[in-house]
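Structure first, commentary second.
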Amino acid sequence: MSRRHLSQRTVQDIGSARISRLLDLSEEAIRSDRPDRARRYVDLARRIGMKTRVKMPKDRRYCKRCLAPMMPGVNCTVRLSGHKVVTTCGMCGEIRRTPYLKEQRK
Ligand SMILES: [Zn+2]
């Protein structure tokens with residue numbers, strides 16, 4: 001049995017390329033009003049991330065509850081409240097609060 005050996009680095013390169021492609025597709029799906037498809041793409045991207053141990057890109061947000069990609073102005077709202085950024089998913093209503101102390105100290 002021969003098994004092609006790929007270095008961890010190569011696997012992660014392929015993984016992150018696929019993740020960003022899937023996230024592109026999912027954003028496209030949201031724009032064309034196909035949320036089910038969008039969630040499926042995000043789910044696939046997450047699975048690839050887990051398998052190849054690649055982290056999901058930080059600038060590409062998705063809802064942890066319904067897995068829809070979050071795009072401000074399209075399907076989610078972003079508000080500032082106190083020292084937190086409040087992101088509300090427009091698909092399921094999930095509210096996420098992220099502190100931004102680090103940015104404030106700069
Ligand atoms: Zn959601």
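Looking across the range 21-76, the residues that are assigned to a loop (DSSP other than H, G, I, E, B), of a type in the set (Gly, Ala, Ser) and away from the ligand (no atom under 13 Å from the Cβ) come down to Ser32, Gly73.
Table: residues versus (1) farther than 16 Å from Lys58 by Cα; (2) loosely packed, with under 14 Cβ neighbours inside 10 Å.
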{"residue": "Gln8", "(1), (2)": "yes, yes"}
{"residue": "Ile19", "(1), (2)": "no, no"}
{"residue": "Leu22", "(1), (2)": "no, no"}
{"residue": "Ile30", "(1), (2)": "yes, no"}
{"residue": "Asp33", "(1), (2)": "yes, yes"}
{"residue": "Asp36", "(1), (2)": "yes, yes"}
{"residue": "Tyr41", "(1), (2)": "yes, no"}
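Scanning for something of a type in the set (S, T, N, Q) and away from the ligand (no atom under 15 Å from the Cβ), does the range 81-91 turn up at least one residue? Scanning the range 81-91 turns up at least one residue that is of a type in the set (S, T, N, Q) and away from the ligand (no atom under 15 Å from the Cβ). Considering only residues in the range 77-101 that are in a strand (DSSP E or B) and among the charged types (D, E, K, R), the one that is surrounded by the fewest Cβ atoms within 10 Å (Cβ to Cβ) turns out to be Arg79. Every condition in (1) surrounded by 11 or more Cβ atoms within 10 Å (Cβ to Cβ); (2) at negative phi; (3) touching a residue at least 12 places away in the same chain (Cβ under 8 Å) holds for Leu67 except the one numbered (2). Close contacts from the range 1-21, counting a first residue that is at pLDDT 90 or above and a second that is small (Gly, Ala, Ser), with Cβ to Cβ under 8 Å and a gap of 6+ residues or different chains, come to Gly15/Gly49; Arg18/Ala45; Ile19/Ala45; Ile19/Gly49. Cβ-Cβ contacts under 8 Å between residues 6 or more apart (or on different chains), taken from a first residue in the range 81-106 that is modelled with pLDDT of 90 or more to a second residue that is assigned to a loop (DSSP other than H, G, I, E, B) and among the charged types (D, E, K, R), are listed as Thr87/Arg61; Thr88/Glu94; Cys89/Arg65; Cys92/Arg65; Glu94/Lys64; Glu94/Arg65; Arg96/Lys64.
The values are calculated or read from the model by the stated rules, or taken from the named source; none is laboratory data. Being a predicted model, the structure only gives us computed values, none of them experimental. Backbone-built Cβ (ideal geometry, glycine too); neighbour counts: all protein chains shown.
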